[in-house]
1. Rounded to the nearest 20 debye, what is the charge dipole size of the range 1-121 about its Cα centre when +1 sits on each Lys and Arg Cβ and -1 on each Asp and Glu Cβ?
2. What percent antiparallel are the DSSP beta bridges of the range 80-190, to the nearest 5?
3. Give me a comma-separated list of calculated 3J(HN,Hα) values for the range 12-24, in order, Karplus coefficients 6.51, -1.76, 1.60 applied at θ = phi - 60°, integers in Hz, x for any Gly or Pro.
4. Ignoring ligands, DNA and RNA, what percent of the accessible area of the chain is carbon or sulfur (1.4 Å)?
5. Just to be sure I understand, if you calculate semi-axes √(5λ) of the Cα gyration tensor in Å for this structure, which of (1) 28, 23, 14; (2) 28, 19, 14; (3) 28, 20, 17 do you get?
6. Starting from the amide H of Thr114, placed 1.01 Å from N in the peptide plane, find each other amide H under 5 Å away whose residue is 5 or more places distant or on another chain.
7. So who's got an amide H within less than 5 Å of the one on Leu69, skipping anything under 5 residues away but keeping other chains? H placed 1.01 Å off N, in plane.
8. Report the charge-dipole magnitude of the range 140-190 in Debye, nearest 20, computed about the Cα centre from +1 at each Lys and Arg Cβ and -1 at each Asp and Glu Cβ.
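The values are calculated or read from the model by the stated rules, or taken from the named source; none is laboratory data. Every value quoted in this text rests on a predicted model; they were computed, and no experiment measured them. Every residue, glycine among them, receives a Cβ derived from its backbone with ideal geometry; neighbour counts consider all protein chains shown. Only protein heavy atoms, including side chains, enter the accessible area calculation; ligands, DNA and RNA are left aside. Shrake-Rupley method; radii C 1.70, N 1.55, O 1.52, S 1.80 Å.
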Amino acid sequence: MHAMTLPARGARLQYVERPDPVPGPGEVRVRISACGVCRTDLHVVDGELPNIIYPIVPGHEVVGRIDALGRGVSAGLLGARVGVPWLGSTCGHCPYCREGKENLCDNPVFTGYTRDGGFATHLVADARYCFPLGEHGEDVELAPLLCAGLIGWRSLVMAGHGRKLGIYGFGAAGHIAAQMARWRGRDVYA
């Protein structure tokens, strides 16, 4: 496989060749067709996040097809087009996970930060945290939905059903949330 690897804090990304990764139990290998670039990826590359274990492959707005399965993963997933988001896995045991608030997990794994991400031809991901995408839409158009789209949608849902929606800031998540809100007939103020 080929990857853009960050070898150390303050270093530049390096184009490297590595052996193809092998999925472990409960994991899948994804052949990547598109990976967006999120501001968080830039924080990783700039060394602004703590506890990065180098080398790391950034990228967490990943779209691709499952091309290998680890033990315990349904054979029906082979060939499926999936998205791999920022939240790569959670512990499942902490109070947040038990309450269905996995995004606040005490022991999370993050794609492109604590586990290799999508600036590569392949990655390994926890099968439970891959989103089935179906066959509609272009891979490059779907990739930003794996981060900004999820954040925007979650924020829109949390905002409730009011007719008027105020958006503070207007990055990728705000941009996508505004489009979803307009599609749902709401007035948007940014």
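1. I would put it at about 200 debye.
2. Counting only bridges with both partners in the range 80-190, antiparallel ones make up about 50 percent.
3. Each residue of the range 12-24 in turn: 8, 4, 10, 7, 10, 10, 9, x, 4, x, 10, x, x Hz.
4. The computed percentage sits at 57.
5. (3)
6. For Thr114, whose amide H was placed from the backbone, there are no distant partners under 5 Å.
7. Arg29
8. Taking the Cα centre of the range 140-190 as origin, the dipole is about 220 debye.
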